[in-house]
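Below is one structure, written out as structure tokens; comments come after it.
Each value in this text was obtained by applying a stated rule to the coordinates, not by laboratory testing. As the structure is a computational prediction, the values presented were derived from the model and not from experiment. Here the Cβ positions follow ideal geometry from the backbone for every residue, glycine too, while neighbour counts run over all protein chains shown.
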Amino acid sequence: MKGKGILVSVCVAGLLLALTLGSGLAQGPEERAEPQGTPVIEAVVSSKFTYQGMLREDGAPVTGARDMVFALFSDDACTAMVGGEISMPGVEVDQGIFSVELTVSQSSFNGQGLWLGIQVEGTSVGCQEILPVPYALSLRPGARIEGVQENWDAVHAVNTAGAGASYGVYARSYAPQGRGLYGYASATSGVNYGVYGRSDSSTGAGVYARGYDAGADLILAGNADTMLGDDGRIFSDPNYASSDIHVIVNDGIRIDLDQDGNGEDADFEIRNADDTLIFNVDESGVVTFGGAGIAAFPRPAYDTGWVGLGQGDSVNRTHNLGGNTDRYVVDLTCQRSGGAGVSNWGVGGDANGSEYYGAWWSNLTTSAITLHRWDDDSDCPNVRVRIWVYP
């Protein structure tokens, strides 16, 4: 072999990694349906591609067996190898024509440019760029796949695994401001979705979104391009009138109002079917409410509980609410003796001739309050004070 000129010319280089075409493409839109039953996968496309070429020595086609070594490279000079060498001993060559199936790592084909380096009997004979089947270009990173036919999806992915953690689509981004999955629907009529996710498992999720630590798991945005506002919206299932939305958490729910601090009014609102506001929390903390079933009296900021007082006693209670006492609302309740129950009997104190009875409070500060019971009182042995604070 030494001293002889060896030349390989490419006849066919076809990638068979992930693209299959079948009679299913002949179906019309009206035939589109979910899988019936459980599909059975008879075979999986292997990570191979076929390389066919012509080998000449001193200008004449070769006939016979030759040892060949192939390798993938990320540069057109075939100096930066990707993966390992693929040794193919004893390749049969007939009238210069040979064909081999090269087993490669599928991870090498991630959209990067690749070149195939070839050695025959220890002699390097070429560094040739691997070119894709034209429609495989739609699978390269950054490529756009557009659906233009009515009732058809741009991408339709179905995973029929019966167990384990399986995904119809798994998308992940490592970029600081990247998106693992981006879907856009531009139809102006009909029901259309940028991303449609469905799970047939009762413990699965139609869409599972996961951010990094304090990063957002899901960002919702609405009409940012219509000048009508940018409202992130969640709707219950439009196909079922009785569908609900349940929020289930392991710990707590946090709602941040006016997170961007732009000064716009930011409220947490609950409205009924007539669009009537029945509950509202303003970013300043003001709470308004109304309507049957939701207008419960708000819980107090401080509650002494029942405090026993002897006749003529005065006791101090510390609340440390701070703020401005002009914004306090104070309620005192008496628990009457003799099984008479809870009432406001004698609240504030009263006099009947030379007798003084009842209970009252005084000396309200931002940290404490004093409770009193008159010397002759026989009806308020226990009192309770609650304080509400309003902004």
Inset, instruction - List every residue whose amide H lies under 5 Å from the amide H of ASP313, counting only residues 5 or more places away in sequence or on a different chain, with H placed 1.01 Å from N in the peptide plane. - result: ARG373
Legend entry - 5 angstrom amide H check on SER378, placed H, neighbours 5+ away: GLY358
Legend entry - Principal axes of the range 302-389: Cα extent on each, largest first, Å: 40, 26, 18
Legend entry - Ordering of 317-325, 198-206 by burial proxy (mean other Cβ atoms within 10 Å per residue, highest first): 317-325, 198-206
Inset, instruction - Mind giving me the FRET efficiency for ASN344 and ASN280? R0 is 30 Å, r the Cβ-Cβ distance, nearest 0.05 is fine. - result: 0.45
Legend entry - Calculated FRET value between TYR212 and SER378, using beta carbons and R₀ = 56 Å, to 0.05: 0.25
Legend entry - Net length gained if the chain between VAL155 and ALA241 were fully extended (0.36 nm per residue, minus Cα distance): 28.0 nm
Legend entry - Mean Cβ count within 10 Å, highest first, over the residues of peptides 46-56, 184-194: 46-56, 184-194
Inset, instruction - Any chance you could run the full-extension gain for ASN320 through ASP75? It's 0.36 nm times the residue separation minus the Cα-Cα distance, nm to one decimal. - result: 81.0 nm
Legend entry - Where a label projected 7 Å from the Cα of GLN311 along Cα→Cβ would reach, residues of the range 350-388 with amide N under 19 Å: 350-360, 372-383
Legend entry - Residues VAL383, VAL286, VAL281, VAL330, sorted so that the one with the fewest Cβ neighbours within 10 Å comes first: VAL286, VAL330, VAL281, VAL383
